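What follows is calculated from the coordinates using simple rules that are stated; it is not laboratory data. Here the structure is a predicted model, which means the values were calculated and not measured. We place every Cβ from the backbone using ideal geometry, glycine too, and count neighbours over all the protein chains shown.
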């Protein structure tokens with residue numbers, strides 16, 4: 001840390017080392033002055049002067065001159081280092097600007113993720129990168145995408161506080177790890193995968209956590225600095241903006257797809273309803289014109305009047321279905337709850353359906369221990385009438401229909417099975433949506449607006465129950481209905497006919 005003055009290298013004990021002495025003799029160095037050059041508190045080098053051929057007694061002025069030159073060199077080195085640092089900073093900020101511009105120009109979510117990782121690696125010069133998104137429901141971070149990551153060397157999920165990404169996410173601040181193998185929070189899969197260093201920054205939007213961005217290096221000499229962390233954190237802000245835009249774009253895309261689907265379904269529904277309305281209207285018009293224009297007997301007039309009445313009832317039923325569904329969806333329908341013996345209600349519905357379904361024997365397997373449910377009798381009747389009518393309609397060649405009831409905890413579970421044409425797997429949910437009727441060559445001639453099952457689901461939701469379907473095309477369908485049991489006072493329960 002101080003200037004060393006040597007008048008004669010051959011007499012100075014500091015040059016007693018044989019190798020050093022031999023080198024000085026070879027170069028004929030007989031005297032020297034060396035002064036350190038310190039930059040920013042660190043030893044950056046030394047300035048040395050040598051006298052060749054003869055010893056020399058260095059004057060104080062000569063030593064001061066050498067030290068003065070060293071100070072000038074220190075200033076020059078400091079300026080050069082500062083210039084280089086500013087140059088690197090400018091280059092990095094320019095790279096950050098370019099990366100941000102690339103992200104801003106993208107709209108496809110997958111492309112945005114790839115650009116995020118590519119530019120994160122490019123900003124720091126080398127390595128690999130991963131983007132983790134926060135899954136609040138599962139309480140973990142899920143890896144959305146990796147870039148240049150060796151197979152099997154990173155975790156697909158991270159808990160908060162686990163791995164560099166998990167720690168950065170938990171602390172909501174950048175994390176630098178330059179000796180990953182010795183780091184306590186390291187994941188075993190990354191450690192055994194040969195990871196040497198990692199830098200992670202958290203991603204958050206207006207205080208809401210989004211995930212973490214992790215850059216890694218598998219190079220033994222790799223080191224991440226505070227400067228790297230600051231740069232990646234700045235880039236992280238751009239990543240959040242890009243992810244927000246990607247999420248918004250994806251939501252817009254899904255919304256547009258849903259609107260297009262609903263528009264197609266609505267068009268199909270209008271076509272179906274037009275057909276369904278036209279059929280009874282054509283019958284009413286035809287029979288009424290015959291009654292007006294043709295000489296008919298009393299019996300013929302009664303027959304035609306009966307046909308007109310049937311078509312009018314069919315029209316009335318379709319109109320009521322549309323009005324009912326609209327009331328349910330808008331919350332304007334009110335239930336009139338009462339204790340309802342579900343087994344008895346199912347028997348009554350089956351008795352009404354049987355006379356018009358000679359090819360469809362209806363078998364009832366009802367649990368005698370099933371107690372009453374708290375329900376609107378008329379609406380639950382509507383549910384099972386729709387389910388049994390559908391079972392008949394969609395089994396055009398006939399076949400047994402089986403209705404089973406059973407007690408499951410505090411819930412009544414009813415199953416309606418048919419042996420009809422079945423429902424495609426991708427339609428098992430959409431059949432319960434408005435405009436969700438399945439149109440195919442097989443169903444084209446089956447009457448109905450497609451509102452029956454949406455009405456069933458709305459009624460069940462209003463009762464706190466559920467309805468869903470299982471099916472195999474060509475083998476039939478199984479519809480499930482669950483309803484909460486009514487709370488019956490103990491004194492009434494003791495007098496229940498099921499208890500003797």
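Here are some notes:
- If the chain linking residue 52 and residue 245 were pulled fully straight, counting 0.36 nm for each residue of separation and taking away their Cα-Cα distance, it would gain 62.3 nm.
- Taking 0.36 nm per residue of sequence separation and removing the Cα-Cα distance, the residue 38/residue 10 pair yields an extension gain of 7.2 nm.
- Percentage of interatomic Cα-Cα distances in segment 148-191 larger than 12 Å: 59 percent
- Size of segment 4-82: Rg and Dmax of its alpha carbons, in Å, are 14.4, 42.
- With each label modelled as a point 7 angstrom along the Cα→C-beta vector, the residue 181-residue 461 pair spans 5.9 nm.
- Hydrodynamic radius (Kirkwood) for the chain, which is based on Cα pairs only, to one decimal in Å: 31.5 Å
- Look at the alpha carbon pairs under 8 Å that are at least 6 residues apart: their mean separation over the length of the chain gives a relative contact order of 8 percent.
- Seen through its C-alpha gyration tensor, with square-root eigenvalues sorted a ≥ b ≥ c, segment 313-445 comes out oblate because a/c lies at 1.5 or above while a/b is not bigger than b/c.
- Global geometry of segment 181-340, whether rounded, prolate or oblate, following the gyration tensor of its Cα atoms and the 1.5 cut on a/c: prolate
- Between the beta carbons of residue 110 and residue 208, assuming R0 = 25 Å, the FRET efficiency works out to 0.65 to the nearest 0.05.
- Axis of helix 109-124 versus longest Cα principal axis of the chain: the two differ by about 10°, to the nearest ten degrees.
- Once the gyration tensor of the Cα atoms in segment 202-268 is diagonalised, the equivalent ellipsoid follows with semi-axes of 41, 13, 8 Å, ordered largest first.
- Residues residue 253 and residue 82, FRET efficiency given R0 of 41 Å [Cβ-Cβ distance, rounded to 0.05]: 0.25
- Base-10 log of normalised Debye intensity for segment 256-329 (one unit scatterer per alpha-carbon) at q = 0.13, 0.16 Å⁻¹: -0.55, -0.70
- Ellipsoid fit via the Cα gyration tensor, segment 106-254: semi-axes of 24, 16, 14 Å, each the root of five times an eigenvalue, largest first.
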